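The structure follows.
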Amino acid sequence: MDRNRLIQTLMDEPQKQWDIIVIGGGATGLGIALDAVTRGYKTLLLEQSDFAKGTSSRSTKLVHGGVRYMAQGDILLVIEALHERGLMLKNAPHLTANQEFVIPVYTWWDVFLYTAGLKFYDLLAGRLSMGKSYFINKRKAVSRLPLIRSEGLKGGIVYHDGQFDDSRMAVALAIANVEKGGTVLNYFRVGSLLKSEKGKITGVLANDLKSGNDYKIKGKLVINATGVFADEIHRMDDPESKPTIRPSQGVHVVLDNSFLQSGSAVMIPKTDDGRVLFAIPWYGKVVVGTTDTPLDTVSLEPRALDQEIDFILNTAGRYLTRPPKREDVNCIFAGLRPLAANPDNPEATKEVSRRHKITLSRSGLLSIIGGKWTSYRRMAEETIDKAVKTGIIEKRKCVTRDFSFYSNGNPPVSERLKIYGNHAFEIEKLSREHPELGEPVHKKFPYTKAEIVWICRNEMPLTLEDMLARRTRALFLDARASAEAAPVVADLMAKELGFSKSWQENEISKYNDLIKIYI
Ligand SMILES: Cc1cc2nc3c(=O)[nH]c(=O)nc-3n(C[C@H](O)[C@H](O)[C@H](O)COP(=O)(O)OP(=O)(O)OC[C@H]3O[C@@H](n4cnc5c(N)ncnc54)[C@H](O)[C@@H]3O)c2cc1C
């Protein structure tokens, strides 16, 4: 992904008209762009920050049907998501994994309830099931989860779901878009919509935040896939438009694996205040969350509230023999769910569903809001199908069901480098040819200098944060250690990307400010 070359595609033909312009480079927008480009449409995606800077790097990292939505009776949503779970595990095996979960149960009623519930979950997954659920007695539950509170424990229910690396999946989608001939640009903000005299949308006015240049870009169809920011785009279309998003914040804390000491994840289906809490092993750490706090404002860098952090730590502490404290936390991250609200009654939380909604405005703006990472492919297919129905673009068949992100043609020697997909061997080659690049960037992370160099050359990172938060997951795994690694990483980036010493100093200083939100 060469950003300058991709910008050139905007300038080559000033009169060029894209078939589809997608605003937003999270799971939804990247999925839509890939669906469109693989159907053969001329497709452009514009992201105002980095790919997955918003909600799409801040999920629980589950590829799941959603046991909770089943309990809420949204069976159709669960069936759809379980089907998509199967496709995502098949198509992106290098970024997803089959994860075992254990629900610790403390009453015989819960044993009955959750065993029956998860059998039903297995049934809904059908032939895409990832493994049967079953009850285990107390001895086996404790052997799987040695640090779970054992007083009163009756046993555990074991079940399987998918797990993934959200921002690396977003990068894989961006790369696939470019490989298929699409243009995806980060740090390109859409500031307004272009309209014809008849009031129909004819394109966007976008600003390259790196050069400051403005671009008037023409497109047959503009798709708003901006997550919690969707209403800003709606207001560009119609200043009187009613709110359609009900943002809800979810917080996670990341702990050392010494708090769980297990490869199995824990799911607490009903905490004291009726929420679900997960503790999931991830890259050698444990991700614990989440919360569900309605908010009135949206931001690209949401901040966890003290009561959300306390809730997670206190609840985890009730189930673990070694209760985690605030000073044990490696990272705290918050994300905003772009839940679809009822425009006539945006405050009605009962209306807020995890299901996505696709709408078409009178001027031709196609918007998609809500949904889940797991369902990104299906959401994209439905959006482009809807676009076809407008008659603006001709009908072509969706091909993403079998679109593989990984051919396994050059399997890496190191299992860890598998996350780089078909290109992992190039990183190994770099380390072999330049042994000094084989060193890790910090003793607490496995990431080597060769990875940083390779990412600079291939994955379009523009800032230190892009590298430490979303290309590698250093920020999310250990915010303080990532700041210690920052000077080494900034130096490598500056050399590779041709940035100055003052760029390095500025990036390190910005990064040190940023991590305060994460600790
Ligand atoms: C706490 C939490 C946990 C979750 N866990 C899971 C999970 O485990 N599994 C699962 O399947 N789903 C999960 N989800 C849901 C999932 O993460 C989201 O549904 C998904 O990431 C939303 O993606 P998006 O692309 O719609 O939004 P975003 O990722 O927010 O992307 C929207 C993008 O639009 C860009 N944008 C906005 N305005 C403009 C503009 N004017 N010009 C250009 N770009 C613009 C933004 O910068 C942003 O990057 C979770 C969500 C939360 C909040």
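Within the stretch 387-414, restricting attention to residues that are of a type in the set (Lys, Arg) and within 17 Å of Val37 (Cβ to Cβ), which residue is farthest from the chain's Cα centre (by Cα)?
Lys395
If you don't mind, there's one more thing I want to ask. List every residue pair whose Cβ atoms sit under 7 Å apart, with the two residues 6 or more apart in sequence or on different chains, where the first one lies in the stretch 281-302 and is part of a strand (DSSP E or B) and the second, anywhere, is modelled with pLDDT of 95 or more and charged (D, E, K, R).
Listed pairs, sorted by first residue: Trp282/Lys61; Lys285/Asp256; Val287/Lys61; Thr293/Glu308.
Could you list, in sequence order, all residues of the stretch 178-216 that are more than 13 Å from the ligand (Cβ to nearest atom), within 19 Å of Gly31 (Cα to Cα) and either aliphatic (A, V, I, L, M) or outside any helix (DSSP H, G or I) (or both)?
Listed by number, the residues that qualify are Val178, Lys180, Gly181, Gly182, Thr183.
Restricting to the stretch 235-244, and then to whatever is more than 10 Å from the ligand (Cβ to nearest atom) and touching a strand residue (DSSP E or B) at 6+ places or on another chain (Cβ under 9 Å), can you tell me which residue is modelled with the lowest pLDDT?
Thr244
Among the residues of the stretch 68-76, is there at least one that is among the aliphatic types (A, V, I, L, M), out of contact with any His (no Cβ under 8 Å at 6 or more places or on another chain) and at pLDDT 95 or above?
no
Please verify whether Gly289 is within 10 Å of the ligand (Cβ to nearest atom), under 21 Å from Thr96 (Cβ atoms) and open to solvent by less than 30 Å² (accessible area, probe 1.4 Å), treating the condition exactly as stated.
Yes.
Condition first: open to solvent by less than 10 Å² (accessible area, probe 1.4 Å), in a helix (DSSP H, G or I) and more than 29 Å from Asp110 (Cβ to Cβ). Can you find one or more residues in the stretch 35-43 that meet it?
Within the stretch 35-43 (the criterion being open to solvent by less than 10 Å² (accessible area, probe 1.4 Å), in a helix (DSSP H, G or I) and more than 29 Å from Asp110 (Cβ to Cβ)), the answer is yes, since at least one residue qualifies.
Let's see how each residue does on (1) within 23 Å of the chain's Cα centre (by Cα); (2) surrounded by fewer than 14 Cβ atoms within 10 Å (Cβ to Cβ); (3) free of Cβ contacts under 8 Å to residues at least 60 places away in the same chain:
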position: Gly66; (1), (2), (3): yes, no, no
position: Gln72; (1), (2), (3): no, yes, yes
position: Pro104; (1), (2), (3): no, no, no
position: Leu118; (1), (2), (3): no, no, yes
position: Ser143; (1), (2), (3): no, yes, yes
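Going through the stretch 50-78 one residue at a time, which ones are over 21 Å from Leu30 (Cβ atoms) and either near the ligand (Cβ under 10 Å from one of its atoms) or in contact with a strand residue (DSSP E or B) (Cβ under 6 Å, 6 or more places away or on another chain) (or both)?
Of everything in the stretch 50-78, those that are over 21 Å from Leu30 (Cβ atoms) and either near the ligand (Cβ under 10 Å from one of its atoms) or in contact with a strand residue (DSSP E or B) (Cβ under 6 Å, 6 or more places away or on another chain) (or both) turn out to be Gly65, Gly66.
Moving on to the next point. Among (1) open to solvent by 20 Å² or more (accessible area, probe 1.4 Å); (2) assigned to a helix (DSSP H, G or I), which single condition is Phe499 missing?
In the conditions (1) open to solvent by 20 Å² or more (accessible area, probe 1.4 Å); (2) assigned to a helix (DSSP H, G or I), Phe499 misses (2) alone.
The values are calculated or read from the model by the stated rules, or taken from the named source; none is laboratory data. What you are looking at is a predicted structure, and each value in this text was computed from that prediction instead of being measured. Cβ atoms come from the backbone with ideal geometry, glycine included; neighbour counts cover every protein chain shown. The protein model used for the area step is the full one, side chains on, heavy atoms only, and it has no ligands, DNA or RNA in it. Shrake-Rupley method; radii C 1.70, N 1.55, O 1.52, S 1.80 Å.
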